[in-house]
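This report concerns only the one structure given below.
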């Protein structure tokens with residue numbers, strides 16, 4: 001008699017991407033890690049930014065590929081302002 005084993009698919013992860021960006025006030029460190037959603041499709045980008053608010057810690061955002069493209073486009077538009 002064969003036994004069927006229920007196996008959960010492993011979550012695919014990509015290596016973490018970290019950068020330090022100098023700004024006018026202080027250097028900002030940010031980390032980006034690519035993870036897959038629950039069914040293993042449509043990788044998401046997890047962005048943790050420092051939060052200077054009253055609670056401190058980090059501000060976390062989950063972005064899919066179209067949100068990343070929109071963020072890049074918005075930053076490029078801002079950079080092009082006079």
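Within segment 24-63, track down each residue that is part of a loop (DSSP other than H, G, I, E, B), surrounded by 13 or more Cβ atoms within 10 Å (Cβ to Cβ) and either out of contact with any helix residue (DSSP H, G or I) (no Cβ under 8 Å at 6 or more places or on another chain) or at pLDDT 80 or above (or both). If you could, list the steps in order and put the result at the bottom.
Applying the first criterion (part of a loop (DSSP other than H, G, I, E, B)) to segment 24-63 yields 24-26, 36-43, 51-57.
Now drop any that are not surrounded by 13 or more Cβ atoms within 10 Å (Cβ to Cβ), which leaves 36, 43.
The answer is 36, and nothing else.
The number of residues in segment 21-45 being within 13 Å of residue 62 (Cα to Cα), free of Cβ contacts under 8 Å to residues at least 12 places away in the same chain and out of contact with any strand residue (DSSP E or B) (no Cβ under 8 Å at 6 or more places or on another chain) comes to 0. Give me the residue from segment 64-82 that is part of a helix (DSSP H, G or I) and loosely packed, with under 10 Cβ neighbours inside 10 Å and, out of that set, modelled with the lowest pLDDT. The selected residue is 66.
The values are calculated or read from the model by the stated rules, or taken from the named source; none is laboratory data. Because the structure is predicted, anything quoted here is derived from the model rather than measured. Ideal geometry is used to build each Cβ from the backbone, glycine not excepted, and the neighbour counts take in all protein chains shown.
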